[in-house]
Amino acid sequence: MKTKTLAMNGLVAALYVAVTIAIAPIGFGSIQYRVSELFNHLVVFNKKYIYGIVVGVFLANLFLSTIKLYDLTFGVAHSIICLLITIGISKFIKSHLLRMIINTLVFTFNMFIIAYQLHLALGFPFLITWGTTAIGEFVVMAIGIPIMHFLNKRIPFGKLMD
């Protein structure tokens, strides 16, 4: 891995953790709005961002989660699965905007993984928890689309990794 790629991923991981810390009270549980999830959109610009995002998720869950083992297993797996699906689909779609819409839907649908985790760890009802976590994920990721689209015009995310 190039030094620049490593540094950029370190920055992404640090930002993910910092934002998660700032919103920690609303970033965990059956109703969650983890604002740092908008960083998931970075993979639509360059697949190399997956490393920083996954490390950020791991560290945020390690430092902040009250159900660490579950969050480190299911939470990190959820991110890896969704990011890999988005990277795979992105090979066939040129538009960054459409990629972010698809990414939002991929993350939202796959919140069943987090719902299952919360069901196992805390006994939350699976279907209701899937619904509430999916709504939170959708809201954050959808709000992230115009933000990341605008920022990409100012700071070309794809070229930062080259």
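Where Lys and Arg each count +1 and Asp and Glu each count -1, what net charge lies around residue 162 among other residues with Cβ under 11 Å from its Cβ?
With Lys, Arg at +1 and Asp, Glu at -1, the neighbours total +4.
Take the chain, connect every pair of alpha-carbon atoms lying under 10 Å apart with a spring to form a Gaussian network, then pick out the residue of 131, 75, 123 with the largest mean-square fluctuation.
123
Find how much the distance from residue 69 to residue 4 grows on full extension, using 0.36 nm per residue of separation minus their present alpha carbon separation; answer in nm with one decimal.
Details: separation 65, 0.36 × 65 = 23.40 nm, distance 3.17 nm.
That works out to 20.2 nm of additional length.
Between the DSSP loop rule and a limit of at most 11 other Cβ atoms within 10 Å, which trypsin sites (Lys or Arg not before Pro) in region 1-76 are left?
When the trypsin sites (Lys or Arg not before Pro) of region 1-76 are filtered for loop state and at most 11 Cβ neighbours within 10 Å, 2 remain.
Report, in debye and to the nearest 20, how large the dipole of the chain comes out about its Cα centre when Lys and Arg carry +1 and Asp and Glu carry -1 on their Cβ.
With only Lys, Arg, Asp and Glu charged at Cβ, the dipole is about 660 debye.
Hey, with R₀ at 25 Å, roughly what FRET efficiency would residue 149 and residue 22 work out to, going by the Cβ-Cβ distance, to 0.05?
It comes out at approximately 0.65.
Lysines near residue 159 by alpha-carbon distance under 30 Å, same-chain residues fewer than 8 away left out - which ones?
Filter leaves 2, 4, 47, 48, 91, 94.
How would 66, 132, 3, 86 line up from fewest to most surrounding beta-carbon atoms within 10 angstrom?
Values: 66 10, 132 19, 3 7, 86 24.
Ordered from fewest to most neighbouring Cβ atoms within 10 Å, 66, 132, 3, 86 come out as 3, 66, 132, 86.
By the scheme Lys and Arg +1, Asp and Glu -1, what is the net charge of all other residues having a beta-carbon under 15 Å from that of residue 28?
-1
Give the distance, in whole Å, between the Cα centre of region 1-33 and the Cα centre of region 55-129.
Each part reduced to its Cα centre gives a spacing of 14 Å.
Hey, what did region 1-83 get for relative contact order, percent, Cα under 8 Å, at least 6 apart?
Computed value for region 1-83: 31 percent relative contact order.
Which is farthest toward the positive dipole end of the chain among 109, 39, 21, measuring Cα position about the Cα centre, with Cβ charges +1 (Lys, Arg) and -1 (Asp, Glu)?
With unit charges placed on the Cβ atoms, the residue in question is 39.
Suppose R0 equals 25 Å. What FRET efficiency, 1/(1 + (r/R0)^6) with r the Cβ-Cβ distance, do residue 14 and residue 101 give to the nearest 0.05?
0.35
Rounded, prolate or oblate, given the Cα gyration tensor of region 29-83, with a/c below 1.5 counting as rounded?
It is prolate, given that a/c is not under 1.5 and a/b is the larger ratio.
If you take the square roots of the eigenvalues of the alpha-carbon gyration tensor of region 1-44 and sort them as a ≥ b ≥ c, do you get rounded (a/c under 1.5), prolate (a/b over b/c) or oblate?
Since a/c reaches 1.5 and a/b is larger than b/c, the shape of region 1-44 is classed as prolate.
Show me the helices of the chain, taken as full DSSP H stretches, that run 24 Å or more along their long axis by Cα and average -1.0 or above in Kyte-Doolittle hydropathy.
3-22, 126-154
Here, each number is a calculation from the coordinates, and none is a lab measurement. These numbers were taken from a predicted model, which means no experiment stands behind them. Backbone-built Cβ (ideal geometry, glycine too); neighbour counts: all protein chains shown.
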